[in-house]
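Shown next, in structure tokens, is the structure this report addresses.
The values are calculated or read from the model by the stated rules, or taken from the named source; none is laboratory data. Quick caveat, the model's predicted, so the values are computed rather than measured. Ideal geometry is used to build each Cβ from the backbone, glycine not excepted, and the neighbour counts take in all protein chains shown.
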Amino acid sequence: MEHHIRFDADAMTLYLLDQRALPGREDYLPIRTLDETIRALQVMVVRGAPAIGVTAGFGCVLALEELRRGLPAGADWRTAYDRALERLEAARPTAVNLRWGVERMRALWRAHAGLEMEALLPVLLAEAETMRREDVEICREIGRHGASCINDGDTVLTHCNAGALATAGYGTALGVIRGALEAGKKVRVIADETRPFLQGARLTAWELRQDGIDVRVACDNACALLMQKGLVQCVVVGADRIAANGDAANKIGTFGVALLARHFGIPFYVAAPLSTIDPRTPDGAHIPIEERPDREVTHVGGTRIVPEGVPVFNFAFDVTPADCITGIITEKGVLRAPYGPAIAAALGA
Ligand code: MRU
């Protein structure tokens, strides 16, 4: 599953596997413009922090191509492109990989400031492809390091989807599971269903099933019982943004899982690339939490399940404090508390 984000350079079109339709249908959505890229991110055709970052890289290419084709003669493309990149960066607020991806492309543009659009396009496209390729390699490294955190015979609980679909391929949390399996360990997975978008039930279950990995889906509210029954030996989740002190934002419900893991003495790992660590965010209180449309909560499929007129909460993420985290598994190794210095050292390396 390394082709769910792919770019056709002849057609200047990005093809995204539409994650809204999984597991029922495997539809690829063609994306040709900046607006289409922003919308695909916002409605979650593609989602998951590293996948968002990689998509943003291709979005920067599409935005430039759009200006090249459509800008009125004499207009200042550099100002227009700056504005386009700012709009892309703001598509979703929590996953810092979006800003990271756009900043990487912007830095490359600045380094080639003298180039006109025609010459700049292939430079940016090559970088976006590099970002995609590197992301898979980074996930494999996360898997290699994370394998040591899993014992032979463990059942690992995960929340949301931090798998191949949430990255350019292989996954972060699911990369750790794949790494443990490749190291010869026997591992079973429990996927929390992850209301309201059901990333666990729909996406984690789908991609693990495709790979023949033993997976069983549980309602989000079954977590305490499963742990009490001794059915979970380890938790591994992804992250959307890790603050400088190690506090980690991930899909809503993750903090509850972490508290339960602490109660039951079960190790709780966060697996993420260094690009998900944001040294500019000092702690979890400073991480912006996305609020998504009510409809995701009020409806299941097309059916309303909350009475008309009743307000709902739809915070998309919560923040797990660093002191609930056993280790942060990165491509540079497993970081341990105290996370401030461990993170500073990993980012400085
Ligand atoms: O709203 P989503 O589906 O983009 O949220 C995704 C998550 O919370 C993932 O766990 C996180 O981005 C890590 S993906 C490797």
Filter result for the condition that a residue is more than 16 Å from the ligand (Cβ to nearest atom), within 22 Å of E127 (Cα to Cα) and touching a residue at least 24 places away in the same chain (Cβ under 8 Å), over T79, T13, T33, T37: T33
Check I325, I289 and return the single one that is buried (at least 18 other Cβ atoms within 10 Å of the Cβ) and either assigned by the TED database to the domain that holds V102 or among the hydrophobic types (A, V, I, L, M, F, W, C) (or both). I325
Of D278, D220, D323, which residue is out of contact with any Pro (no Cβ under 9 Å at 6 or more places or on another chain), more than 12 Å from L157 (Cβ to Cβ), within 16 Å of the ligand (Cβ to nearest atom) and at pLDDT 95 or above? D278
Per the filter on the range 230-258, residues over 16 Å from T158 (Cβ atoms) and surrounded by fewer than 24 Cβ atoms within 10 Å (Cβ to Cβ) are G230, A244, N245
Please state which of the following conditions A91 fails to meet, knowing it meets all the rest: (1) assigned to a helix (DSSP H, G or I); (2) under 19 Å from the mean Cα position of the chain (by Cα). (1)
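So in the range 1-55, with the set limited to residues that are assigned to a loop (DSSP other than H, G, I, E, B) and of a type in the set (S, T, N, Q), which one is farthest from G212 (Cα to Cα)?
Looking at residues that are assigned to a loop (DSSP other than H, G, I, E, B) and of a type in the set (S, T, N, Q), I get T33.
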For the range 135-171, which residues satisfy the criterion of being more than 15 Å from the ligand (Cβ to nearest atom) and in a loop (DSSP other than H, G, I, E, B)? I150, N151, D152, G153, D154
Give the residue, chosen from G309, G333, that is of a type outside the set (S, T, Y) and either surrounded by 14 or more Cβ atoms within 10 Å (Cβ to Cβ) or modelled with pLDDT under 95 (or both). G333
